[in-house]
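The values are calculated or read from the model by the stated rules, or taken from the named source; none is laboratory data. If you're wondering where the values come from, they're calculated on a predicted model, not measured in any experiment. As a convention, Cβ positions derive from the backbone with ideal geometry for all residues, glycine included, and neighbour counts pool all protein chains shown.
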Amino acid sequence: MPNSLARIAVAASLAVCASVYAQDTTINYKGQPPPSAMSPSMSAFSQDVCAIPVTGAVSSTIIGVAGGTMYTDKNCERIKIAKTLNDLGLKVTAVSILCQDERVWEAMEMSGSPCPIGGAIGNQARLAWFKMDNKRFERLYGEGWTPPVADPSE
């Protein structure tokens, strides 16, 4: 008996399906805005990161594309590394990291505290920098400038 009920149910559903007809449907998109692409949210606010987020999105009536990336801020990293080294008591090393920035190097030189190089500090460092790259000094002091003689006691 249950088998015959199942057969009747299947036959009835087939009969109903055979009598269903599809209609022609026209979809009109005029006046409707296209779907928009949403750029991803990438925040570096109030976080201890040295990255600059860049995101964007473009969409048309057919397709939308969105994406984003992060750019590393090398100067921010340099400052954080120098601060950490200074906190560890490595002050000369911290200054050496900062001196990788040309602006810091020039400021240190102009203030009379040349950047350390190869373990040398003071006038010995200035002389070592001059031997390595005297063009830096020409930009600061003009052509023909020579560094003071390094004091061996420094």
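Things worth noting here:
- Residue within region 77-84 that is surrounded by 14 or more Cβ atoms within 10 Å (Cβ to Cβ), out of contact with any helix residue (DSSP H, G or I) (no Cβ under 6 Å at 6 or more places or on another chain), free of Cβ contacts under 8 Å to residues at least 24 places away in the same chain and more than 30 Å from Ser111 (Cα to Cα) present: no
- Candidates in region 129-154 are the residues that are within 34 Å of the chain's Cα centre (by Cα) and surrounded by fewer than 16 Cβ atoms within 10 Å (Cβ to Cβ); of these, the one that is modelled with the highest pLDDT is Met132.
- Only one of the listed residues (Leu90, Leu127) is of a type in the set (A, V, I, L, M, F, W, C), out of contact with any Lys or Arg (no Cβ under 8 Å at 6 or more places or on another chain) and touching a residue at least 12 places away in the same chain (Cβ under 8 Å). That residue is Leu127.
- Index of the failed condition, Ala120 passing every other in (1) out of contact with any Gly (no Cβ under 8 Å at 6 or more places or on another chain); (2) surrounded by 13 or more Cβ atoms within 10 Å (Cβ to Cβ); (3) modelled with pLDDT under 95; (4) under 30 Å from Val49 (Cβ atoms): (4)
- Filter pass, Arg126 being surrounded by fewer than 17 Cβ atoms within 10 Å (Cβ to Cβ), in a helix (DSSP H, G or I) and modelled with pLDDT under 95: no
Matching residues to (1) at pLDDT 85 or above; (2) closer than 30 Å to Arg126 by Cβ:
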| residue | (1), (2) |
| --- | --- |
| Ala18 | no, no |
| Asp24 | no, no |
| Gln47 | no, no |
| Ile52 | no, no |
| Thr72 | yes, no |
| Thr84 | yes, yes |
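- Residues located in region 80-100, provided they are within 24 Å of the chain's Cα centre (by Cα) and among the basic types (Lys, Arg): Lys80, Lys83
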